[in-house]
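Data first, discussion second: the structure below is written as structure tokens.
The values are calculated or read from the model by the stated rules, or taken from the named source; none is laboratory data. Since the structure is predicted, the reported quantities are computational estimates derived from the model, not experimental observations. Neighbour counts run over all protein chains shown; Cβ positions are idealised from the backbone, glycine included.
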Amino acid sequence: MKKVITYGTFDLLHYGHRRLLERAKALGDYLIVGVTSDNYDRTRGKINARQSLVERIEGVQRLGLADEILVEEYEGQKIDDIRRLGIDIFVLGSDWTGKFDYLKEYCDVIYLPRTEGVSSTVIREKRQSCRLGLIGDGNIVAKLFAESSFVDGLSVSVALTSHNDIVNAAQKDGVQLVQDYQQVLDNCDAIYLANHPRHHAVCIEQAFRKGKHVLVESPVALDEMSCQRLFALAKESGLVLMDAIKTAYSTAYNRLLLLLKSGKIGSVVSVSATCTSLMPSGIKTMAGSQWNSRTAWGPTALLPIFQILGTDWKDRCETSFLASGTKDFDVFSKVDFVYPTAVGSATVAKGVKSEGELVIAGTKGYIVVPAPWWKTDYFEIRFENPADNRRYFYPLDGEGIRDELLVFSRMIESGRHLELIAERVSVAISSQMRVNRHTIEHR
């Protein structure tokens, strides 16, 4: 019996997929189809699949052409599968010509011509086309501009910015540069808002009145009530309001949360997050217009605390040191949240430098995410016996921004809640943006 094997994502199954499988099956007696897992696709930089692994497998099954279906989960699996299953012919589309010639050592390799004019990428782009407007001057805006090119059906159409990277690329990439926020709203379907948080509430409301979806760099607002009101307006308008904290969309951070839920380190007793940076131009020249330590770093440091321990703390203690001559520009802040059986500590600074680690302590062990923990691809679980320690590595494409944009795009298209930051977490973060020198609260 001659065995044939082929692999693919098989997202949004179409006629081209069917033709490939039909021709592959005709080459032998038994066809095995490998469907790539979501995690493996991410390691290859493929983030645009619209369907889950289960949906993609079911799609291949419905065609009735595969005698066997397996899941491709890791680099090098093709060689393992070919040896283990006794494969005679490896088949793939002609767009991969030459890429898998190394498999000729183990079996015949055949590249079949593609079906012209049909591809999952084209189908995805036709199903959704969203013009994005950018507002803000920081490096995060430039990073998001660069990462948007990796998301099918999403393109930056207009920008209100002075960032050199965007200005220099604007003409080449067809981006309109404007000087007025209303011009942004008139030339897009959705906006990414990364101006100063004091302007967020007004800008978001104006965007909603124009029927625009909003991705806003955290914090959504500077107080709890304003944040709640904005989410209520989004629901009333049938629009997406999404809190943008890139860390929430990084693979390593998400795997860490899943391991915690599995009880890997027992019950969590402490979450300690530190985020610091030094302003190159000094406090005095920047305090008037820049985000202070709380707004710049607070959302990131508070994210794991509220996601792991919840938002219903019982006591809260804050210490902040303010820049000379300012009322709310904290160069350093430390906030402790006391829960019935745990404590969360967030340390943020723009005038003090410290090790930017995330440490989560449990009753069986602890997790260490090294600096800078908010964009890591690696963390460790440590135990009393060092022999039990484990290290975890995951790809970090685009610092999480790429996946953040993908989720935002899918929410607009589907109308479903797919965001990884719950509304209650966004509201809790917004409630912590006011700076006080010394505060002790009891609930």
Scanning the stretch 68-99 residue by residue, the ones that are more than 26 Å from Val54 (Cβ to Cβ) and touching a residue at least 60 places away in the same chain (Cβ under 8 Å) total 3
Scanning the stretch 87-102 residue by residue, those in a helix (DSSP H, G or I) and closer than 21 Å to His17 by Cβ turn out to be Ser94, Asp95, Trp96
Apart from one, (1) at positive phi; (2) touching a strand residue (DSSP E or B) at 6+ places or on another chain (Cβ under 9 Å) all hold for Pro370; the odd one out is (1)
Result of the Cβ filter at 6 Å on the stretch 193-211, keeping first residues that are farther than 10 Å from Tyr181 by Cβ and partners that are of a type in the set (D, E, K, R), at least 6 apart or interchain, is Ala194/Glu217
Checked Ile421, Ile412, Ile440 against criteria (at pLDDT below 95 and under 24 Å from Leu154 (Cβ atoms)); the one match is Ile412
Inside the stretch 179-202, the number of residues satisfying the requirement of being within 22 Å of Arg229 (Cβ to Cβ) and assigned to a loop (DSSP other than H, G, I, E, B) is 3
Margin query: Among the residues of the stretch 393-401, are any in the same structural domain as Gly310 (by TED's automatic domain parsing), aromatic (Phe, Trp, Tyr), crowded, with 18+ Cβ neighbours inside 10 Å and within 25 Å of the chain's Cα centre (by Cα)?
Written below: yes
Picking from Ser431, Ser333, the residue that is under 30 Å from Asp315 (Cα atoms), surrounded by 15 or more Cβ atoms within 10 Å (Cβ to Cβ) and either touching an Asp or Glu at 6+ places or on another chain (Cβ under 6 Å) or not assigned by TED's automatic domain parsing to the domain that holds Arg255 (or both) would be Ser431
Cβ pairs under 8 Å, 6+ apart or interchain, first in the stretch 232-258 and in contact (Cβ under 8 Å) with a residue 12 or more places away in the chain and more than 19 Å from Cys275 (Cα to Cα), second in a loop (DSSP other than H, G, I, E, B) and of a type in the set (D, E, K, R), ordered by first then second residue, are Leu239/Lys212; Met242/Glu419; Thr251/Asp377
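Where in the stretch 208-327 are there helices (runs of 4 or more DSSP H), lying fully within it, with 3 or more residues that are at pLDDT 95 or above and more than 21 Å from Arg402 (Cα to Cα)?
Because the criterion is at least 3 residues that are at pLDDT 95 or above and more than 21 Å from Arg402 (Cα to Cα), the helices (runs of 4 or more DSSP H) in the stretch 208-327 that meet it are 224-237, 293-309.
Kindly establish whether Arg382 is without any contact (Cβ under 8 Å) to a residue 24 or more places away in the chain and in contact with a Gly (Cβ under 7 Å, 6 or more places away or on another chain). Step through it out loud before you land on a result.
Numbers: without any contact (Cβ under 8 Å) to a residue 24 or more places away in the chain: yes; in contact with a Gly (Cβ under 7 Å, 6 or more places away or on another chain): yes.
Considered against the rule, which asks whether it is without any contact (Cβ under 8 Å) to a residue 24 or more places away in the chain and in contact with a Gly (Cβ under 7 Å, 6 or more places away or on another chain), Arg382 comes out as yes.
Find the residue count for the stretch 179-188, including only residues that are surrounded by fewer than 18 Cβ atoms within 10 Å (Cβ to Cβ) and not polar (S, T, N, Q).
Residues flagged as surrounded by fewer than 18 Cβ atoms within 10 Å (Cβ to Cβ) and not polar (S, T, N, Q) within the stretch 179-188 amount to 2.
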Taking the stretch 386-404 and keeping residues in contact with a helix residue (DSSP H, G or I) (Cβ under 6 Å, 6 or more places away or on another chain) and at negative phi leaves Tyr394, Pro395, Ile401, Arg402, Asp403, Glu404
- request: Taking Thr295 as the residue in question, decide whether it is surrounded by 22 or more Cβ atoms within 10 Å (Cβ to Cβ), assigned by TED's automatic domain parsing to the domain that holds Ser426 and touching a Pro at 6+ places or on another chain (Cβ under 6 Å).
  value: yes
Conditions (1) in a helix (DSSP H, G or I); (2) touching a Phe, Trp or Tyr at 6+ places or on another chain (Cβ under 8 Å); (3) modelled with pLDDT under 85 -> Asn39 fails only (2)
Expected output for the stretch 332-356 (first residue touching a residue at least 60 places away in the same chain (Cβ under 8 Å), partner basic (Lys, Arg) and crowded, with 18+ Cβ neighbours inside 10 Å, Cβ below 8 Å, 6+ apart or cross-chain) is Ser333/Arg294; Val348/Arg294
Kindly check whether there is at least one residue in the stretch 312-329 that is out of contact with any Asp or Glu (no Cβ under 8 Å at 6 or more places or on another chain) and of a type in the set (A, V, I, L, M).
no
(1) more than 21 Å from the chain's Cα centre (by Cα); (2) of a type in the set (A, V, I, L, M, F, W, C); (3) buried (at least 24 other Cβ atoms within 10 Å of the Cβ) all hold for Val220 apart from (1)
Of the residues in the stretch 56-86, those that are part of a helix (DSSP H, G or I) and either touching a helix residue (DSSP H, G or I) at 6+ places or on another chain (Cβ under 9 Å) or under 13 Å from Gly8 (Cα atoms) (or both) come to Arg56, Ile57, Gly59, Val60, Leu63, Gln77, Lys78, Ile79, Ile82
Checked Ile204, Ile265 against criteria (closer than 30 Å to Asn39 by Cα and of a type in the set (Val, Ile, Thr)); the one match is Ile265
Considering residues that are in a loop (DSSP other than H, G, I, E, B) and closer than 30 Å to Arg434 by Cα, the number found within the stretch 345-400 is 12
- Query: Got at least one residue in the stretch 193-204 being in contact with a His (Cβ under 7 Å, 6 or more places away or on another chain) and either closer than 26 Å to Ala248 by Cβ or surrounded by fewer than 16 Cβ atoms within 10 Å (Cβ to Cβ) (or both)?
  - Reply: yes
Scanning the stretch 401-417 for residues that are in a helix (DSSP H, G or I) and not aliphatic (A, V, I, L, M) gives Arg402, Asp403, Glu404, Phe408, Ser409, Arg410, Glu413, Ser414
